[in-house]
Amino acid sequence: MKPSARIFHLINITRARAKAAALLLLIGTTATAQPLLPVPQGVAMKAPKTATLQPRKAQGLSGNLRPVGYSTTDQVDVTGGFGMVVTASVGAVLDSDMLEAYQGCKIVGVRFALNKSIGRKRAFVYSLDDNRLTLLHEQNQRTYEGWNNVVFNGFEKEISGDETLFFGFDYEETQEMVDADDGYLCGVGNDRENGFVALADFGQGTNLYSLSAMGCLCVQLIVDVSNLPAKKLDFYWTDTGFRYKRQGERVDMLTSFINSGRDTVFAARLLCHVDSDLMIDTLLTDTVLPGATEYVSLVLNVPQDYPIGSHELAFSFGEVDGDAEAGAISGIFSTAFVVYNESLKRHKVYLESYTDADNYVSSQQNSMLTSLSAYYSEILSVVSIHRPGTALAIPEAAYLDTLYAYTHPCFTSNRSYFPGEEYIAYDMNSYYDQVGVPFTVAIAGGVVEQDYDSPAFANVGLGGLYDPDTRRLSITASGKTLAEARQMFGELALTLMIVENQVASPQQVISGRTGAPVVSNAYKHDNVLRQFITRPVGDRLTLNGDSFEASYELVLPDGLNAANTRVVALVTKAADSVTDENVMGMDVLDCDDIRLSDIQPDPDGITDVTAPDIPQCYSLSGQRTGKDARGLVIERNGNRVRKVMRR
């Protein structure tokens, strides 16, 4: 489970405020294929005690057997338990991010540490797919204080590299243990998502729950790594910063790699290319044990005259312990970035939410985005795309859910890819169980602030007229582009959407009384996408020099509350369709929105005209302007009202 490049980047450079403390909690966490349920209210791990046991060493693991998990040593930091009578299957969940380096290797057992013997217990390995647990193997064995190795008899499971596994052992906490304030589980390090999970019934039926307060459970897979090459390094996670780099910019980068070979590595030659140009060639001399991860800080200085446009940045290994062949079979990390010189100030950041009325975590994301919208109202616009097949979904937006929503709920910022992430969207499930909604709001707030300061290469602004009697809406989008935008993106497109707040529709939520998921039929949804005014992928813009203007008229659909409705505008690269092949280049270059309640109700509502035969000018929102006003304005002369461009 690779850490989030964006969140790690936030930790490194975000504003030094209280939110920074919250962000630190997220180092090392990422999404899983499916969310684990939060522990019900009133259920929490007992405060752990500092470990005093001296666990035995690897207990005879041969040279080809390797422990794989959230820890790979025999270290034990704390001991403890649930502090309640419970029978549970405890362990950890590993997904393909942590298993792919062992593709072709074989799982031959499970090992775990205990503060005291718990008698004869079952060790197990399950596959976890689409929220379904399938038992792969189980074996009963006598347990002891310290580390226990359970090598399976007559069973081995070859790692495909794309599976998710839940593994561990059965544990029972008795009333006697609770009365003695004693627990026999062992923990190490900090809490990690899926580093300690339990299959148990906490009063709501048997489910898989994510636990915290003890760090990671001391549990590991025993893997036969005979199939691995002797020397091999694979990139694990890399932070190259934001996608856009100005000419002459100093780029601070951080990369990490894992020793996925059988032997210890003592030296490696790390290379960094931009396109075909070798930019960094450095010799790393830290010792990296098998299965261990190494972090390296690097600096890339973008030349002042480097060509504007898209480029590929790639990390590779030239040699591993002087062996060029070992370097050639080692991993490669590559990502695209864009070099620019000129930029504009962004009007607003665009957060797009992919939500699901049948998922209780979505209600938490909805609350988070409503809070963000209120706090950042001047610089943020939020739109929620509802999962296809649910009550508030619209067919025209299904392509957005398909492209971005690899899980629900999640959200994108400016639909922009942050190099090093596995997806464009950020998975709300990653943060909800770990730090809760308040800290997640702080994390998302950091994303908004950073992206508001990111370069824009086009601007868009909105104005319009609205008649509440006829519900006729006239909307005009205008703005400017940079020559570099056309050089980087080609033709540009405008997307206009109608978005409504306080839409009543059922939503699964967490009961404040029981802590269980329930359906709220009176739930009010904010930021709901109701209709596209343009094509869903946007209408191509016709430029007049560097500027554009586009006007649309429509009747507001019945059932929409104009007082809760706004129009949202996006400028993006133009495309006939957006697919997996071109989605990485479909960033939102700028965004603006306007509430219908802020638009002048009707041209005839402008009543402060003193001389009908003398033209009077008003802004697009209906405010009176001076006679020397420039740009697109509403001009009234007697009973004639029109929009004109004054230069």
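The single residue among Ala425, Ala397 that is surrounded by 21 or more Cβ atoms within 10 Å (Cβ to Cβ) and at pLDDT 95 or above turns out to be Ala397.
Taking every residue in the range 262-278 that is in contact (Cβ under 8 Å) with a residue 24 or more places away in the chain and open to solvent by 70 Å² or more (accessible area, probe 1.4 Å) and pairing it with any residue that is assigned to a loop (DSSP other than H, G, I, E, B) and acidic (Asp, Glu), at least 6 positions away or on another chain, the pairs with Cβ-Cβ distances below 7 Å are Phe266/Asp321.
Note on the range 195-223: residues that are within 18 Å of Ile258 (Cβ to Cβ) and not hydrophobic (A, V, I, L, M, F, W, C) total 2. The set of residues from the range 492-516 being on the phi > 0 side of the Ramachandran plot and modelled with pLDDT under 95 comprises just one member, Gly515. Restricted to the range 450-489, and to residues that are under 23 Å from Tyr552 (Cβ atoms) and assigned to a loop (DSSP other than H, G, I, E, B), which residue is most open to solvent (accessible area, probe 1.4 Å)? Filtering the range 450-489 for residues that are under 23 Å from Tyr552 (Cβ atoms) and assigned to a loop (DSSP other than H, G, I, E, B), the one most open to solvent (accessible area, probe 1.4 Å) comes out as Asp469. A Cβ distance below 7 Å, combined with a sequence gap of six or more or placement on separate chains, defines the contacts here; from the range 500-526, residues that are within 27 Å of Gly559 (Cβ to Cβ) reach residues that are among the acidic types (Asp, Glu) and surrounded by fewer than 18 Cβ atoms within 10 Å (Cβ to Cβ) in the pairs Gln508/Asp358. It is to be established whether one or more residues within the range 148-165 are loosely packed, with under 14 Cβ neighbours inside 10 Å, closer than 25 Å to Thr407 by Cα and aliphatic (A, V, I, L, M). So far as the range 148-165 goes, no, none of its residues is loosely packed, with under 14 Cβ neighbours inside 10 Å, closer than 25 Å to Thr407 by Cα and aliphatic (A, V, I, L, M). Within the span defined as the range 106-118, every residue fails to be within 25 Å of the chain's Cα centre (by Cα), closer than 21 Å to Phe152 by Cβ and either surrounded by 15 or more Cβ atoms within 10 Å (Cβ to Cβ) or not basic (Lys, Arg) (or both). For Ser330, indicate whether it is surrounded by 22 or more Cβ atoms within 10 Å (Cβ to Cβ), more than 16 Å from the chain's Cα centre (by Cα) and closer than 29 Å to Asp234 by Cβ. Against the criterion (surrounded by 22 or more Cβ atoms within 10 Å (Cβ to Cβ), more than 16 Å from the chain's Cα centre (by Cα) and closer than 29 Å to Asp234 by Cβ), Ser330 qualifies.
For the range 563-577, filtering for residues that are open to solvent by 20 Å² or more (accessible area, probe 1.4 Å) and farther than 16 Å from Ile385 by Cα leaves 5.
Just one of the listed residues (Tyr354, Tyr406, Tyr350) is open to solvent by 20 Å² or more (accessible area, probe 1.4 Å), within 17 Å of the chain's Cα centre (by Cα) and either within 25 Å of Gly490 (Cα to Cα) or among the aromatic types (Phe, Trp, Tyr) (or both), and it is Tyr406. For the range 545-587, a residue qualifies if it is hydroxyl-bearing (Ser, Thr, Tyr) and assigned to a loop (DSSP other than H, G, I, E, B), and the qualifying residues are Ser577, Thr579.
In the condition set (1) more than 17 Å from Ser330 (Cβ to Cβ); (2) buried (at least 17 other Cβ atoms within 10 Å of the Cβ), Thr255 is compliant with all but (1). Does Thr240 satisfy being of a type in the set (Val, Ile, Thr) and either open to solvent by 30 Å² or more (accessible area, probe 1.4 Å) or at pLDDT 95 or above (or both)? Answer is no for this residue.
The sole residue among Glu138, Glu173, Glu193, Glu158 that is of a type outside the set (Lys, Arg) and over 30 Å from Leu228 (Cα atoms) is Glu173. The single condition among (1) touching a Ser or Thr at 6+ places or on another chain (Cβ under 6 Å); (2) within 30 Å of Leu65 (Cα to Cα) that Thr287 does not satisfy is (1).
Restricting the range 68-96 to residues that are acidic (Asp, Glu) and open to solvent by 20 Å² or more (accessible area, probe 1.4 Å), the residue that is nearest to Glu158 (Cα to Cα) is Asp74. For the range 514-544, taking the residues that are over 30 Å from the mean Cα position of the chain (by Cα) and outside any strand (DSSP E or B), the one that is nearest to Glu342 (Cα to Cα) is identified as Leu543. Looking only at residues of the range 179-199 that are farther than 18 Å from Val78 by Cβ and at pLDDT below 90, we find that the one that is surrounded by the most Cβ atoms within 10 Å (Cβ to Cβ) is Asn194. Screening the candidates Asp539, Asp592, Asp587 for the property of being farther than 26 Å from Val361 by Cβ and touching a Gly at 6+ places or on another chain (Cβ under 8 Å) yields one hit, Asp592.
Per the listing Val302, Val339, the residue uniquely out of contact with any Phe, Trp or Tyr (no Cβ under 7 Å at 6 or more places or on another chain) and either closer than 28 Å to Cys105 by Cα or touching a residue at least 12 places away in the same chain (Cβ under 8 Å) (or both) is Val302. In the range 497-513, the qualifying residues are those that are farther than 24 Å from Asn561 by Cα, assigned to a loop (DSSP other than H, G, I, E, B) and not basic (Lys, Arg), and the one that is least open to solvent (accessible area, probe 1.4 Å) is Ser511.
The values are calculated or read from the model by the stated rules, or taken from the named source; none is laboratory data. Treat the numbers as computed from the prediction; the structure is a model and nothing was measured. FYI the Cβ positions are ideal-geometry reconstructions off the backbone, even for glycines, and counts take in every protein chain you see. The accessibility values were calculated without ligands, DNA or RNA, using every heavy atom of the protein model including side chains. Shrake-Rupley method; radii C 1.70, N 1.55, O 1.52, S 1.80 Å.
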